[in-house]
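Chemist: I have a structure here, written as structure tokens, and I will follow up with some questions on it.
The values are calculated or read from the model by the stated rules, or taken from the named source; none is laboratory data. Only a predicted model underlies this, so the values are computations on that prediction, with no experimental measurement involved. So basically every Cβ, Gly included, is an ideal-geometry build from the backbone, and we count neighbours across all protein chains shown. What goes into the accessible areas is simple: the full protein's heavy atoms, side chains included, and nothing from ligands, DNA or RNA. Shrake-Rupley method; radii C 1.70, N 1.55, O 1.52, S 1.80 Å.
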Amino acid sequence: MNCQDHLLGGRNPLDVSRRWFLGQCGVGLGAMALRELIAADAQGASPAVVDPMAPKKPHFAPTAKRVIFLFMAGGPSHLEMFDDKPQLAKYNGSLPPAELLKGYRSAFINPDATLLGPKFKFARHGQCGTEVSELLPHTAGVVDEIAVVKGMCTDSFNHAPGQLMMSTGSMIFGRPSLGAWTCYGLGSEANDLPGFIVFSTGSKGPSGGNSNWGSGFLPTVYQGVKFRTGGDPVLYLSNPEGVDQAVQRDSLDAIHALDQERLDAMGDPEIATRINSYETAYRMQMSAPDVMDVAREPQHILDLYGVEPGKGSFAGTCLLARRLLERGVRFVEIFHEAWDQHGNLTADLKKNCAATDRACAALILDLKQRGMLDDTLVVWGGEFGRTPMVQGGSDGRDHHPNAFTMWLAGGGIKGGTSYGVTDDLGFSVVDEKVHVHDLNATILHALGFDHEKLTYRFQGRDFRLTDVHGRVVKELLARA
């Protein structure tokens, strides 16, 4: 056998790609990906037998095993919901101090915009005494379970890059999302459902699009799968007329055999992903309709969330999130794109809170009564907050990255706490600042990962969710 025959294993040189060379010769990213995803076992198992979504071990003992992220896309106003500012009410209609705006970059607001006082009243609730606005009576009832983070800040003042920053740790398209990193690190315990499932319930989808739940440079098996809230949860899940289960199984077996042959020859991890996707879709035909049927829930649970079976809603997706986690799904994200109040602030906030408040609180209560809250991390928040200055006449606020509020519950989070202090006008964080990178580092820590060590090599560099930044906010953890 000559040198070329030895290297190509008897293959036609025209059939050998650069990807095969990288993977088989052990030089570069192909080999690295294969070692992670499709390394055969000691008995010589076929690469496709190794499931990249199989549960994996974290770096250390986690306090959370799964995540529900309630993404309030558009930028909910912290000043009307969680961060009471009496001084802002006092100086309503006045120009803000000039030094406050020095170097400030806004999205659309006029430079001479005056201060706008809070539109709703606040009161203290729970044993912890956390302040919550009258817009959120149900959330007020569970404040002893949540940690309110008032010191959030981010790098972007526009929706798409701000959402990408929150979701992926970068304003650049093409980076893996938090859900993808979670599944890459932990795998999934769902045998017949995707490990990462996404819903969208607002008036439109998120501005950042599918990249909010994409896998970026991670293998695509880790990306989120978007479910619909009505009809088939995934398009084309049902067989077309004339195709029964036996015909479908025969077709999948034939495709599997062809893919397996190609995988054996090329060593491309994306082929393993394709095989996995076909098989997951096949199993989903039986499991997904069952899990999506919330009418199976007892009436008192439907009443707790405010769910009407057959009608898609934010409340319905919160209930579905719990049902999906019970079946082993690792990460569920619900995007509610409805919070961009440049005008009509008062009426729209009432509408948005009426649509979400009850279900968010019900999710906490439901998880707790089932013993799931202890190891389920629930995250609530948007990509940024709103300005203390008025926009749109007398009833609107602009985008504001300098200060906003999020909350976390369960999964080892110290409930009944409030972290972060903003100035008297709610413009900037003055103490206990939490950047998006810090939030993501803390979420990964709860899941059992050192955020500096959960990496993936791409284009010659080890990437991570927090890039080269981030600290774990230990003050938010029940045990540091």
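Chemist: Going by average Cβ density within 10 Å per residue, which order do the peptides 126-134, 63-71 take, highest to lowest?
Modeler: Numbers: 126-134: 17.0, 63-71: 24.2.
The densest-packed peptide leads the list: 63-71, 126-134.
Chemist: Need the list of aspartates and glutamates near LYS85 for cross-linking: C-alpha distance under 20 angstrom, and skip anything on the same chain fewer than eight residues off.
Modeler: GLU99, GLU131, GLU134, ASP395, ASP398, ASP423, ASP424, ASP431, GLU432
Chemist: Could you check how much of the accessible area of region 357-478 is carbon and sulfur, as a whole percent, using a 1.4 Å probe? Walk me through the numbers on the way to the answer.
Modeler: Numbers: 1720 of 3880 Å².
Looking at region 357-478 in its full context, I get 44 percent from C and S.
Chemist: What are the lysines whose alpha-carbon lies under 17 Å from the alpha-carbon of LYS56, with same-chain residues fewer than 8 places away excluded?
Modeler: Qualifying lysines at Cα under 17 Å: LYS65, LYS453.
Chemist: If you don't mind, there's one more thing I want to ask. Measuring with a 1.4 Å probe in the full set of protein chains, what accessible area per residue, in whole Å², belongs to region 102-150?
Modeler: Details: 2560 Å² over 49 residues.
It amounts to 52 Å² per residue over region 102-150.
Chemist: What do you reckon, how do GLU337, GLU432 stack up by accessible area (1.4 Å probe), largest on top?
Modeler: Result, largest first: GLU432, GLU337.
Chemist: Expressed as a whole percentage, what fraction of the accessible surface of region 101-179 belongs to carbon and sulfur atoms when a 1.4 Å probe is rolled over the protein heavy atoms?
Modeler: Values: 1660 of 3380 Å².
Carbon and sulfur together cover 49 percent of it.
Chemist: Can you give the accessible area of LEU325 in Å² (nearest 10), computed on protein heavy atoms with a 1.4 Å probe?
Modeler: Spelled out: LEU325, probe radius 1.4 Å, area about 10 Å².
Chemist: I've got another one for you. How would you classify region 81-209 from its alpha-carbon gyration tensor, with a ≥ b ≥ c the square roots of the eigenvalues: rounded for a/c under 1.5, else prolate if a/b is greater than b/c, otherwise oblate?
Modeler: In terms of gyration-tensor shape, oblate.
Chemist: While we're on this one: Given Cα pairs under 8 Å that are at least 6 residues apart, what percent is the relative contact order of region 331-480?
Modeler: Details: 197 pairs, mean separation 27.7, N = 150.
Computed over region 331-480, the figure is 18 percent.
Chemist: LYS204: which aspartates and glutamates have alpha carbons under 18 Å from its alpha carbon, excluding same-chain residues fewer than 8 sequence positions away?
Modeler: Filter leaves GLU333, GLU337, ASP340, ASP348, GLU383.
Chemist: Between rounded, prolate and oblate, where does region 298-360 land on the alpha carbon gyration tensor, with a ≥ b ≥ c its root eigenvalues, rounded for a/c under 1.5, else prolate if a/b exceeds b/c? Numbers along the way, then the final one.
Modeler: On the way: a/c = 3.12, a/b = 1.68, b/c = 1.86.
Oblate.
Chemist: Against the globular-protein guess of 2.2 N^0.38 Å, express the Cα radius of gyration of region 124-181 as a ratio, rounded to two decimals. Show your work: numbers first, answer last.
Modeler: Details: Rg = 15.9 Å, N = 58, 2.2 N^0.38 = 10.3 Å.
My calculation over the Cα atoms of region 124-181 gives 1.54.
Chemist: Moving on. Using a probe radius of 1.4 Å on heavy atoms only, what accessible surface per residue do you get for region 377-421? Whole Å² is fine. Display every interim value, and only then the final one.
Modeler: On the way: 760 Å² over 45 residues.
With all protein chains present, region 377-421 gives 17 Å² per residue.
Chemist: Shape of region 340-480 from its Cα gyration tensor (a ≥ b ≥ c, root eigenvalues): rounded if a/c is under 1.5, otherwise prolate when a/b > b/c, or oblate?
Modeler: Details: a/c = 1.97, a/b = 1.32, b/c = 1.49.
Taking the square roots of the gyration eigenvalues as a ≥ b ≥ c, region 340-480 is oblate.
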